[in-house]
Amino acid sequence: MNEAIFFLNNAVVPGLVIGSIYALGAVGITLIYGILRFAHFAHGDLMTMGGFVSYLLAIGLAGIGVSTTFPVAYLILPVAIAITAVAALAIDRMFYAPLRARGVKPVTLLVASIGVTMMIQGLIRLFFGTGTYNFFEATPKVIHQIRLPIEGVTRPISFTQPQVVMVLVTVAVVIALHFFLTRSRFGKAMRAVSDNADLAQVSGINLRMVVRITWIIAGGLACLAGTMLALDVTLKPDLAFNIILPIFAAAIVGGVGQVYGAIAGGYLIGFAESLSVFNWAVLLRPFRDQLPDWLPTNLAIVPTEYKLTVAFVILVITLLVRPTGIFRGASL
Amino acid sequence: MSLIELRSIVAGYGGAPILHGVDIAIDQSDIGVVVGPNGAGKSTTLKAVFGLLTVTAGSIVFDGADITNARSDRLVPMGLSYVPQEKNIFPTMSVEENLEMGAFIRRDDFSGSLASVYEMFPPLKEKRRQKAGELSGGQRQMVAIGRALMSRPRLLMLDEPSAGLSPRYVLEIFERIVAINKSGVGILMVEQNARQALQIASRGFVLAAGQNRFTGTGRELLDDPEVAKSFLGGAVPA
Ligand SMILES: Nc1ncnc2c1ncn2[C@@H]1O[C@H](COP(=O)(O)OP(=O)(O)O)[C@@H](O)[C@H]1O
Ligand SMILES: [Mg+2]
């Protein structure tokens with residue numbers, strides 16, 4: 001039983017958290033691809049930027065003496081989301097829109113977004129240096145522990161408060177996005193543009209407006225994901241740049257342009273990673289007397305340092321077996 | 001005054017012009033049919049009206065307003081609607097969502113228009129929750145025309161509405177087009193089924209190599225031996 005709880009704490013909870021982060025990032029990438037037809041490489045840095053915006057707001061609040069404990073700390077989130085959404089709109093206006101107006105190929109936009117990546121990271125380093133920042137310097141992370149009232153169970157189920165809040169927020173956001181895309185006039189217009197942009201315009205849908213909505217949603221979700229990641233580990237200039245590969249993998253595995261696919265892909269890759277680095281030997285511990293001696297003490301599928309290969313392997317298998325992804329998105 | 005008038009349109013896709021001075025004028029009561037050989041510039045003419053390519057000379061006037069090179073999403077609120085020749089549905093959206101997108105510009109209750117589209121094309125009502133991309137060719141064409149009607153246009157432009165349809169569907173689609181016209185919508189359509197289309201046309205235009213070759217009523221063009229020989233594939237059958 002203790003082993004099962006260890007599994008829950010060290011494989012399921014981290015999988016859920018990183019899966020949520022990947023899902024939020026991948027939804028943004030898939031929406032941008034669906035509407036603008038290019039791979040937004042700077043998406044990780046948009047997430048990092050969102051994390052820093054939240055951090056600035058948090059230390060700002062602390063600076064004016066407002067206690068940044070639950071629930072005040074989370075009131076920062078909507079403000080940070082709004083600021084990051086505006087930043088995403090500004091980036092589009094300054095860098096991508098002029099290129100689109102000239103009718104450039106998608107690869108040109110991709111290269112431009114690599115430039116934006118460097119610019120955002122450069123700006124962050126300019127103001128914050130290369131160090132790491134912690135949201136929890138002043139007030140430590142609240143850790144919830146649930147002790148099961150069962151004989152012989154000593155280990156509590158444990159997770160941090162930001163983990164719970166963020167996973168719940170992700171679920172709420174995904175449901176809201178679902179209703180937006182399937183019920184609202186503008187959400188349907190977004191799907192129409194993604195389906196057939198020319199016909200959408202011919203139907204009277206203003207493409208520029210749909211593009212703006214796309215950046216607002218993608219920027220907002222990026223802020224949420226970046227903040228979540230910063231709360232779970234620590235904030236640094238290349239925070240989300242380091243996970244851009246699994247995020248793209250999630251979008252591609254789910255089927256590019258498919259929102260539900262991106263969510264499924266995010267959790268799939270998140271859980272695949274956490275299950276791959278989990279030390280399965282722990283689960284064998286109750287039987288240790290019957291096990292042969294030669295069995296190693298660490299039975300993780302991949303060492304933690306090589307976690308990134310998991311996303312790579314899943315991506316390669318998907319591209320070989322089902323190139324359009326689980327939900328049959330655009331073929332790359 | 002004509003509902004729409006194209007005056008000596010010159011237009012192309014960025015390179016050499018495709019249209020070298022096309023003239024078309026129809027009234028709201030008209031069914032205007034544009035015929036001509038493949039590559040004559042028929043589709044290009046409709047695209048030029050709908051702001052999908054750049055008109056370099058000439059002008060397009062709709063109901064007294066100059067709409068030359070207007071952005072296509074601005075034309076819909078003015079009362080123009082366009083069914084492209086290909087890719088004229090939203091394949092992953094349901095039939096009903098396709099129709100809703102046709103009504104995107106409307107802020108009033110459009111359930112009446114929805115009901116009349118379903119009345120005109122009963123199979124669509126049955127399949128309204130189904131993805132449009134899963135329908136047969138004829139039903140997709142119904143979705144495409146239905147979508148275009150949802151904005152309550154005064155001019156409906158159709159690019160080869162009968163293309164790829166079985167003879168039974170061709171007849172049905174033409175019947176619907178006549179009915180739409182009777183309800184007060186001007187029609188400007190391009191057709192490959194030239195002989196059949198000219199039968200329902202009040203105005204006919206023969207285009208070749210980006211220029212008008214013949215203009216007249218549908219009957220006049222059908223009866224013209226020159227038109228019959230060069231563009232309708234032989235003499236008028238007895
Ligand atoms: N998107 C395009 N870009 C460049 N040339 C085109 C394009 N579409 C059509 N054309 C050219 O324009 C000419 C007229 O085409 P079109 O108007 O489609 O003819 P049709 O009368 O058969 O509808 C053809 O020579 C065709 O090759
Ligand atoms: Mg054509």
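Our coupling estimate for the stretch B:36-50, obtained by passing each phi through the Karplus curve with A = 6.51, B = -1.76, C = 1.60 and θ = phi - 60°, is x, x, 4, x, 6, x, 5, 4, 4, 4, 5, 4, 5, 4, 8 Hz, Gly and Pro reported as x. Per residue, the accessible area of the protein assembly as shown comes to 45 Å², computed with a 1.4 Å probe over protein heavy atoms only.
What is the stretch A:8-97 by shape, rounded, prolate or oblate, if you read a ≥ b ≥ c off the alpha carbon gyration tensor as root eigenvalues and call it rounded for a/c under 1.5, prolate for a/b larger than b/c, and oblate otherwise? Oblate is the answer for the stretch A:8-97, as a/c is 1.5 or above yet b/c matches or exceeds a/b.
For the Cα trace of the stretch B:1-41, dividing Rg by the Kirkwood Rh returns an Rg/Rh value of 1.04.
Rounded to a whole number, what % of the accessible area of chain A do carbon and sulfur atoms account for, probe 1.4 Å? It is 69 percent, rounded to a whole number. Its relative contact order, with pairs defined as Cα atoms under 8 Å and 6+ residues apart, puts the stretch A:148-242 at 21 percent.
The stretch B:9-49 and the stretch A:24-56 have their alpha-carbon centroids 43 Å apart. If you average the alpha carbon positions of the stretch A:110-147 and of the stretch B:100-146, how far apart do those two centres end up, in angstrom? Cα centres, the stretch A:110-147 to the stretch B:100-146: 49 Å. Residue-wise HN-Hα couplings along the stretch B:78-86, as the Karplus relation 6.51 cos²θ - 1.76 cosθ + 1.60 with θ = phi - 60° gives them from phi, are 7, x, 9, 9, 9, 10, x, 5, 10 Hz; Gly and Pro carry x. Interface burial in the stretch A:171-203, defined as at least 30 Å² less accessible area with all protein chains than with the chain alone at a 1.4 Å probe, covers A:Arg185, A:Lys188, A:Arg191, A:Ala192, A:Asp195, A:Asn196, A:Leu199, A:Gln201, A:Val202, A:Ser203.
Using C-alpha pairs below 8 Å separated by at least 6 residues, the relative contact order for the stretch B:86-152 is 55 percent. Here's how it looks for A:Ile326: its modeled amide H is under 5 Å from those of A:Gly254, A:Gly255, which are all 5 or more places away or on a different chain. Here chain B is treated with +1 on each Lys and Arg Cβ and -1 on each Asp and Glu Cβ, and its dipole about the Cα centre works out to around 400 debye. About the centre of its Cα atoms, the protein assembly as shown shows a dipole size close to 220 debye [charges on the beta carbon of Lys, Arg (+1) and Asp, Glu (-1) only; nearest 20 debye]. Restricting attention to the protein assembly as shown, close to 60% of DSSP beta bridges with both partner residues there are antiparallel. Computed on chain B, the Cα convex hull volume stands at 121 Å³ per residue. The tail of the calculated P(r) for the protein assembly as shown, taken as Cα-Cα distances beyond 35 Å, holds 50 percent of the pairs.
For chain B, the residue among B:Leu75, B:Phe174, B:Ile105 whose Cα projects farthest onto the positive side of the dipole built from Cβ charges is B:Ile105.
With bins 5 Å wide beginning at 0, the percent of Cα pairs of the stretch A:1-160 falling in each bin runs 2, 7, 13, 15, 15, 14, 12, 9, 7, 4, 2, 1, 0, 0, 0. Taking every alpha-carbon pair under 8 Å whose residues sit at least 6 apart, the stretch B:1-120 reaches a relative contact order of 23 percent.
Taking amide H atoms as placed 1.01 Å from N in the peptide plane, the amide H of A:Thr160 lies under 5 Å from those of A:His144, each 5 or more residues away in sequence or on another chain. Set the Cα radius of gyration of the stretch B:86-152 against 2.2 N^0.38 Å, with N its number of residues, and you get 0.97.
Counted residue by residue at 0.36 nm each, then reduced by the alpha carbon distance between them, the extension gain from A:Ile146 to A:Leu126 reaches 2.9 nm.
Ligands, DNA and RNA left out, the accessible area of the stretch B:60-107 computed with a 1.4 Å probe is 44% carbon and sulfur.
Across the options A:Gly254, A:Val165, B:Gly218, the greatest Cα extent toward the positive end of the charge dipole of the protein assembly as shown (unit charges at beta carbon of Lys, Arg, Asp, Glu) belongs to A:Val165. Buried accessible surface for the A/B chain pair comes to about 1900 Å², total over both chains, computed with a 1.4 Å probe.
Among the residues of the stretch B:64-89, those with an accessible-area drop of 20 Å² or more from chain alone to full protein complex, heavy atoms and 1.4 Å probe, are B:Arg71, B:Ser72, B:Asp73, B:Val76, B:Lys87. The listed peptides B:217-227, A:5-15, A:250-260, A:138-148, ordered by packing as a protection proxy, come out as A:250-260, A:5-15, B:217-227, A:138-148 (highest mean of other Cβ atoms within 10 Å first).
The values are calculated or read from the model by the stated rules, or taken from the named source; none is laboratory data. Since the model is a prediction, treat every value here as computed from it, not as a measurement. So basically every Cβ, Gly included, is an ideal-geometry build from the backbone, and we count neighbours across all protein chains shown. Each accessible area value is taken on the protein alone, full model and side chains, heavy atoms only, with ligands, DNA and RNA left out. Shrake-Rupley method; radii C 1.70, N 1.55, O 1.52, S 1.80 Å.
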